[in-house]
Each structure stands twice: as C-alpha cells, then as structure tokens.
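These notes concern the structure reproduced below.
The values are calculated or read from the model by the stated rules, or taken from the named source; none is laboratory data. Bear in mind the structure is a predicted one, so any value in this text is a computation, not a measurement. Please note: Cβ atoms are built from the backbone with ideal geometry, for glycine as well, and neighbour counts cover all protein chains shown. Calculation scope for accessible area: heavy atoms of the full protein, side chains included, ligands and nucleic acids excluded. Shrake-Rupley method; radii C 1.70, N 1.55, O 1.52, S 1.80 Å.
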Amino acid sequence: VFSPDGKLIVTGDDTGKVLFIDSETGKVIDELDYQVPVWDVNISPNGDALAIARDDGRITFIDLSTREFDYELLAYGSLYVTAFSPNGEWMAAGSASGSIILWNLADGRIVSGPSHRGEVYEIAFSPDSSKLISGGSDNIAYVIQTQTGRELFKITNEDWVEDVTFSPDGSWFV
C-alpha cells in the first residue's frame, strides 16, 4: 500500500514480515516481524496510522510517524482483508471464516454485518463512509449500513466475488 503522499510503500507477507520502503529509492527503511502471516496492510486516509491484518485475528495499528506500536483490535479467526472508511472513523475486517466486523475507531463500538458462508475476499466503504460492501467465496456480495451492520442488499453471483467497489459518487456498486 502507498502512503497518501506517495513517499512510502508498506508490504506484508505470509512469513509475517512488514516492510517499509522508500518509494523514490526502493530501499527498505524499516521492518517489523510478527512471525505469523500478514494478509493485509492499510494506511489511514490521513496517513497517520498503519493497520496490519494478521492470521492470528489481530489488527495491529502502528503510528506511521514513529513506526511504533499504537494499539490492537481483536477478532476471531484469520483476518484476510481490512479497510479504513474514507472519513477515518471506521475500520472494517473480513475473515477466513466469513465474518464482517466494523470498529468505530472514535468510541470503540463494534458492529457485525452478515456472515459469508466462506472466506471474505474483498471489502470497500462507500465514499461517504455510510455503507460497506463485501464479497466472498460463497458467490455473494453484501452491502450493509456502516452504523448498524444492517443488510441493505444481497447479490448472488455465479462465481466467487473477489473485487468490490463503489462509484466515486457512491450511487453505484460493483
């Protein structure tokens, strides 16, 4: 993932290594080792925080200015995908077991969405942060309300739903 200013690249891998790479030089400038697979990394919209989704059900937050541990969120099972809401108020995660979890980063509230009957492959927030879409190995895409987790739409596909997104104005999703 690129930092919002484009100067930093962060990668995670199945050995548990997280690399911080200078995008201009390509040099590794820092490294973390969790010794458990890292399935997803995301940088907050304001560029202050890095979220690291791990196979042990943890999302570790790192302060990007210091590259130091900030805090963790815990969930059940291997976390495959994460997303910050565009307004920075929410963190969402999708798991190997099919669960969708949202955390309100301001007040700590946890919201659960519908569960997929298999792995969650992708999640994305609407541009106004009011909705979340998820896609999974069960051939289903769910659109839920961020604040409540209430299902708004359930779309069945002929095959896995591996990519999901909203249009820039939030009126469409695919």
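Cα-based Rg (one decimal) and Dmax (whole number) for the range 24-174, in Å?
Here Rg and the maximum Cα pair distance are 15.3, 46 Å.
Any idea which of T148, S65, F2 is furthest toward the positive side of the dipole for the chain, if Lys and Arg beta-carbons carry +1 and Asp and Glu beta-carbons -1?
T148
Write down the accessible area per residue of the range 114-161 in Å², having rolled a 1.4 Å probe over the full set of protein chains.
48
Highest first, please rank the peptides 65-74, 111-120, 84-93 by the mean number of other Cβ atoms sitting within 10 Å of their residues.
Averaged packing, sorted descending, gives the order 84-93, 111-120, 65-74.
What order, most packed first, do the peptides 49-57, 132-140, 99-107, 156-164 have when packing is the mean number of other Cβ atoms within 10 Å of each residue?
Packing order, densest peptide first, comes out as 132-140, 49-57, 99-107, 156-164.
For K17, which lysines qualify as cross-link partners when the Cα separation must be under 19 Å and same-chain residues fewer than eight apart are set aside?
The reachable lysines, counting only those whose Cα sits under 19 Å from K17, are K27.
Can you divide the C-alpha Rg of the range 77-137 by 2.2 N^0.38 Å and report the result to two decimal places?
So the Cα radius of gyration is 1.03 times the expected 2.2 N^0.38 Å.
Give the separation of the Cα centroids, the range 131-156 to the range 1-75, in Å.
Using only Cα atoms to place each centre, the spacing works out to 27 Å.
Once the Cβ-Cβ distance between L74 and V1 is put in as r, and R0 is 22 Å, what FRET efficiency do you end up with, to the nearest 0.05?
The formula returns an efficiency of 0.50 here.
Given a 1.4 angstrom probe, I'd like the percentage of the accessible area of the range 33-174 that is carbon and sulfur, rounded to a whole number.
Carbon and sulfur atoms account for 48 percent of the accessible area of the range 33-174.
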